[in-house]
Amino acid sequence: MKAMQLARAHAPLKAAELVSRPLQAGEVRIRVSACAVCRTDLHVVDGELTEPKLPITPGHEIVGHVTEAAPDIRRFKIGDRVGVPWLGWTCGVCEFCRHGEENLCPSARFTGYTIDGGFANETIADARFVFALPAGYSDEAAAPLLCAGLIGWRSWKAAGPAKRLGIYGFGAAAHIVAQVARAEGQDVYAFVRRGDAKGEDFAKEMGAVWAGPSDGPAPEPLDAAIIFAPVGALVPLALEAVRPGGTVICGGIHMSDIPSFPYAILWGERSLKSVANLTRKDAEEFLAFAAAHPIATTTVRYALDDANQALSDLRDGRLIGAAVLIP
């Protein structure tokens, strides 16, 4: 099998020819047909997530087809189209797992971080954390659903029933969440980099009623805000933008330090909360929602060998939508 691997942080990925290992109980082998590139992959490559398995094959928004299943697998058969997300394994017995909070399992393993992922033409996954995908999506279009969609969904649920929802950082997750919010009758306010006219236009195409610079004020008080950009300085700005009783959700796995801010902008029963990983319930809920609603994904296609270019384009803000690697 061929993979693009990271040998050490701050280094480019390198192509590697690997020997496929035998399956263990509970696993499926998947021929990868598409893998989206997530900002979390960038955090791994740039050393901001500091405990990867090295060398590691990144990629956790995987779409492919089952080519082999362990003898104990009954959920999938050869040829089934499936998706593999970030959460790749949990212990199932800790307090968090037993109470429906498997996203907080202290022993959890993560696709593309502690388990080899989908920047390859083949991958192996624990079948418990593999999902059937809605039929209405091509492989390329389905790939961003597996993290941008799932983390976006969990963040959106955490924000609560906001009539006016702000979204800070309008990338892959935001462009999906905006469509979910609009389908539920919410007004979306998009905050993008100052001077990013293309980003403002894209947000409006995705249903935003307003789009403007993230370092500026909201046009009216928001009920809730979700921060997808990994920029801690946006937290005080979002708190100032929400009304008393409003909620600010930090949707990323990594964020730069949050600067100090006056208590007055938190006071008034405003809430600040992070979202960590995802659960299998999130995947089941969101994929069912995507099957029932016209959620479009905007993608930019790259060859597997061009994974470093895709990461660079994401790092430098050159992407509209989600980068997707096609082996």
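Quick look at the numbers
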read-out: Paramagnetic reach from Arg21 in the stretch 90-111 [backbone N under 15 Å; point 7 Å along Cα→Cβ]; value: 109-111
read-out: Shape parameters for the stretch 228-280, alpha-carbon atoms, Rg then Dmax in Å; value: 11.5, 38
read-out: Separation in nanometres of the label points that stand 7 Å from Cα toward Cβ, at Ile326 and Ala135; value: 2.4
read-out: Karplus-derived HN-Hα couplings along the stretch 56-66 (A = 6.51, B = -1.76, C = 1.60, θ = phi - 60°), whole Hz, x at Gly and Pro; value: 10, 8, x, x, 9, 10, 9, 10, x, 10, 5
read-out: Ile78 versus Ala303: modelled label distance in nm, points set 7 Å from Cα along the beta carbon direction; value: 3.1
read-out: For Ser274, distant residues with modelled amide H under 5 Å away; value: Cys250
read-out: Residues with amide H under 5 Å from that of Thr298, placed H, sequence gap 5 or more; value: Ala322
read-out: Among 242-250, 313-321, the order from most to least packed when residues are scored by Cβ within 10 Å on average; value: 242-250, 313-321
read-out: Probe 1.4 Å, all protein chains present, accessible-area order of Met1, Met206, largest first; value: Met1, Met206
read-out: Highest to lowest packing among 293-304, 9-20, scored as the average C-beta count within 10 Å; value: 293-304, 9-20
read-out: Rounded to whole Hz, the Karplus (6.51, -1.76, 1.60) HN-Hα couplings of the stretch 249-258, x for glycine and proline; value: 10, 9, x, x, 7, 9, 8, 5, 4, 7
read-out: Magnitude of the charge dipole, the stretch 171-238, Cβ model with Lys/Arg +1 and Asp/Glu -1, debye to 20; value: 200
read-out: Karplus (6.51, -1.76, 1.60) ³J(HN,Hα), θ = phi - 60°, over the stretch 147-159, in Hz, Gly and Pro reported as x; value: 9, 3, x, 6, 5, x, 4, 5, 5, 4, 4, 5, 6
read-out: Per residue accessible area of the stretch 227-325, 1.4 Å probe, in Å²; value: 47
read-out: Net charge dipole size for the stretch 176-290 [Lys, Arg +1 and Asp, Glu -1 on Cβ; Debye, nearest 20]; value: 160
read-out: Peptides 273-285, 154-166, 89-101 ordered by average Cβ neighbours within 10 Å, highest first; value: 154-166, 273-285, 89-101
read-out: For the stretch 1-153, accessible area per residue (1.4 Å probe, heavy atoms of protein chains only), Å²; value: 41
read-out: Gaussian network model of the chain, springs between alpha carbon atoms under 10 Å - residue of Gly149, Gly26, Gly112 with greatest fluctuation; value: Gly26
read-out: Paramagnetic label zone (point 7 Å from Cα along Cα-to-C-beta, His65; backbone N under 14 Å) in the stretch 16-51; value: 30-34
read-out: Share, in percent, of DSSP beta bridges within the chain that are antiparallel, nearest 5; value: 50
read-out: Mean projected area (nm²) of the alpha-carbon convex hull when the stretch 62-185 is viewed from all directions; value: 9.3
read-out: Under 5 Å, built H, 5+ apart or other chain: amide partners of Gly88; value: Arg109, Phe110, Thr111
read-out: Accessible area of the stretch 16-165 belonging to carbon and sulfur atoms, whole % at 1.4 Å probe; value: 54
read-out: Degrees, to the nearest 10: 172-183 long Cα axis against longest axis of the chain; value: 60
read-out: GNM result for the chain, Cα springs below 10 Å: residue of Ala25, Ala125, Ala36 fluctuating most strongly; value: Ala25
read-out: Potential lengthening between Ala292 and Ser107 on full extension [0.36 nm per residue; Cα-Cα distance subtracted]; value: 63.2 nm
read-out: Cα shape, the stretch 197-262, gyration tensor, a/c 1.5 rule; value: oblate
read-out: The chain, dipole about Cα centre (Lys/Arg Cβ +1, Asp/Glu Cβ -1), debye to the nearest 20; value: 340
read-out: Helix-only CD estimate at 222 nm, as mean residue ellipticity for the chain, using -39500 (n - 2.57) per DSSP H run (n ≥ 4); value: -6500 deg cm²/dmol
read-out: Two-decimal Rg/Rh across the stretch 1-147, once Rg and the Kirkwood Rh are taken from alpha-carbon atoms; value: 0.96
read-out: Cross-link table Lys163/Lys204; Lys163/Lys198; Lys163/Lys281; Lys198/Lys273; Lys2/Lys281; Lys157/Lys281, entries beyond 23 Å C-alpha to C-alpha; value: Lys163/Lys198; Lys163/Lys281; Lys198/Lys273; Lys2/Lys281
read-out: Over the stretch 184-327: Kirkwood hydrodynamic radius from C-alpha pairwise inverse distances, Å; value: 17.2
read-out: Tensor-based shape of the stretch 93-165 (alpha-carbon gyration tensor, a/c under 1.5 rounded, otherwise prolate or oblate); value: oblate
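The values are calculated or read from the model by the stated rules, or taken from the named source; none is laboratory data. Owing to the predicted nature of the structure, the values given are computational and were not obtained by experimental measurement. Reconstructed Cβ throughout: ideal geometry from the backbone, glycine too, with neighbour counts over all protein chains shown. Heads up: the accessible areas ignore ligands, DNA and RNA and are worked out on the full protein's heavy atoms, side chains in. Shrake-Rupley method; radii C 1.70, N 1.55, O 1.52, S 1.80 Å.
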